[in-house]
1. Under the definition of Cα pairs under 8 Å and six or more residues apart, what whole-number percent is the relative contact order of region 36-184?
2. Applying 1/(1 + (r/R0)^6) with R0 = 30 Å to the Cβ-Cβ distance of ARG29 and GLU178, what FRET efficiency is obtained, to the nearest 0.05?
3. What is the calculated FRET efficiency for ARG147 to THR87, with r their C-beta to C-beta distance and R₀ = 22 Å, to the nearest 0.05?
4. So if each residue of separation counts as 0.36 nm, and I subtract the Cα-Cα distance between THR138 and GLU72, what length gain in nm does that give?
5. Long-range amide H contacts for HIS119: which residues qualify at under 5 Å (H placed 1.01 Å from N, peptide plane, sequence gap of 5 or more or a different chain)?
6. Taking H as built 1.01 Å from N, whose amide H comes closer than 5 Å to the amide H of VAL42, not counting residues under 5 places away?
7. Using Cβ counts within 10 Å as a stand-in for footprinting exposure, how do LEU15, LEU105 rank, fewest first?
8. I'd like the Kirkwood hydrodynamic radius of the chain, using the inverse of the mean 1/r over distinct C-alpha pairs, in Å.
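Here, each number is a calculation from the coordinates, and none is a lab measurement. As the structure is a prediction and not an experimental result, all values here were calculated from the model. We place every Cβ from the backbone using ideal geometry, glycine too, and count neighbours over all the protein chains shown.
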Amino acid sequence: MSADDGLRLYGCPDLPALGYLANLVREGRHGDTTYYVRNQHVNYTNVCNKLCKFCSFYVKPKDDRGYVLEPEQAAARVREYADVPITEIHMVGGVNPKLPYQYYLDLLLAMKQARPEAHLKAFTMIEIAQIQRIAKKTLEEVFADLRAAGLESIPGGGAEVFSERVHEDLFWTKADSEDWLEIAA
């Protein structure tokens, strides 16, 4: 596909037609083989201090509706589906200024103990920036600690920061595109 094809598809309001076209491309490349991940999504906290205008998930740090799952509570959520063949745990949350560095390590350890066979993908770049800030360590040291605790990959969430105009308008408190790319690299 060309960039022009992509722009035309982006402008197409017919979602079923897009799905049909995507399937044609997939079949052309891979035949009748389909790949997918069966994952379980876990949000460990909804408390966030980033105040993004588009987010309906977060609550401010002092809001009574806020929650933080203890590592064992998060692991219990994963164990609830022990009979489901999960291949990946996808775990993200808000940027909670009250959580200590050790919390994140304990959370990863608990998740890997609950489902050792599942791939553990956790923490957006924005969360990693917060984790590094509270750890007062280099990014390399933080990633080494997180990997030792069970982290296997990170999701691409937070990439909306690449448009400076949108970044300034909707989430000026989030890490910018340079920070995001430094963490992702």
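1. The normalised contact order for region 36-184 reaches 25 percent.
2. Approximately 0.30, to the nearest 0.05.
3. Step by step, r from the Cβ atoms, then E = 0.70.
4. Difference between extended and current length: 21.0 nm.
5. Result for HIS119 returns GLU88, ILE89.
6. Under 5 Å from the amide H of VAL42: HIS90, MET91, VAL92.
7. Least to most surrounded, the residues fall as LEU15, LEU105.
8. After inverting the pairwise mean of 1/r, the radius is 18.5 Å.
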